[in-house]
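I have placed the structure first, in the form of structure tokens, so that the comments after it can refer back to it.
What follows draws every value from the coordinates through simple rules; no lab data is involved. Computed from a predicted model, the values in this text were never measured in an experiment. Backbone-built Cβ (ideal geometry, glycine too); neighbour counts: all protein chains shown.
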Amino acid sequence: MSAISLYAKPSPNFAQKLEASKSLLQSAAAQYAPLTQASSLGAEDMVISHLIVETGIASSIFVLDTRMLHAQTLALVGRLEAHYGVKVDVYQPDPEAAEKFVAEFGDDVMYKSLALRKACCHLRKMEPLERALAGKNGWITGLRREQSNARAEVHDVEQQSLVVKGETITRAKINPLADWTWGDVWHFIALNNVPYNPLHDEFFPSIGCAPCTRAVTLGEDFRSGRWWWEQETAKECGLHVAADGTHEAQEPPAFEPLSSIVPVKEIPA
């Protein structure tokens, strides 16, 4: 059974949600240029890439290739570029740092402790993320409130204060699908023939690095396939965690969180 046939069930007010998402993207592009989309190549992010092209806003698109992604995920970069006629920027971890990290801790480092798993995420995601966001005033994500308890308070726009090389900068984080349901996402994909990762057809609702992702079974939580060996409160990589996030308190990583987030309900058109 395909993910479309299984999940494509729109909310009664889907049309209004869609128009609000487009309006948010247009307003964000006007207010926070230069703008970029951080795409994980998951279903939500493929929807956002489609909306970026459809609305015609000025926004680049980038992907973090952690060097541990599924082959199906990496193949989607080329499919995205060909389908929409866009260029996707790909950022990878520093090869020397990654090699040294694996040599010291092993290929299975993510399973050894929460601190080491988060250090791996920092090396493969957080450091490349900062390179991808350098010079940008805003970034677009596919976060939805429905995804997990940790994301239940996601706002349409969040203002982030970050310290980069000793300098404090501010950057807007735009979440145009914040109030969309999983059914809304797949309804849009079905309506618009949006390309998507075939792993979604194999019961992978949330797809990250290959060693840290598994399929889910009926009744399991949406993100239960991510870092399934950890406690539920730990299941984030750091890209979308506030500095005072409760799940950071149990076992802090060996690096500092990057952001302090202040939510913004609306932005002016």
Task: Relative counts (whole %) of C-alpha pair distances in the stretch 174-222, using bins that are 5 Å wide - done: 5, 16, 23, 26, 20, 9, 1
Task: Relative exposure of M46, M1, M110, M68, judged by other C-beta atoms within 10 Å (fewest first) - done: M1, M68, M110, M46
- [ ] Could you sort 111-122, 9-20, 74-85, 170-181 so that the peptide with the highest average Cβ count within 10 Å comes first and the rest follow in order?
- [x] 170-181, 111-122, 74-85, 9-20
- [ ] Output the peptides 97-107, 199-209 sorted from most to least packed, where packing is the average of other Cβ atoms within 10 Å over each peptide's residues.
- [x] 199-209, 97-107
TODO: Compute the length gained on full extension between N193 and K9: take 0.36 nm times their separation in residues and subtract their Cα-Cα distance, giving the result in nm to one decimal.
DONE: 64.7 nm
- [ ] Counting other beta carbons within 10 Å of each Cβ, put D108, D184 in order, fewest first.
- [x] D108, D184
Task: Two-site label geometry, F203 and V90: point separation in nm, points 7 Å out along Cα→Cβ - done: 3.1
Open item on the list: If each residue of separation counts as 0.36 nm, what is the full-extension length gain between S23 and V102 once their alpha-carbon separation is subtracted?
Closed with: 24.0 nm
TODO: Please tell me which of these pairs span more than 27 angstrom C-alpha to C-alpha: K87/K118; K136/K165; K118/K173; K100/K165; K17/K165; K17/K173?
DONE: K87/K118; K17/K165
Task: Reciprocal mean inverse distance between Cα atoms of the stretch 13-127 - Kirkwood radius, Å - done: 16.1
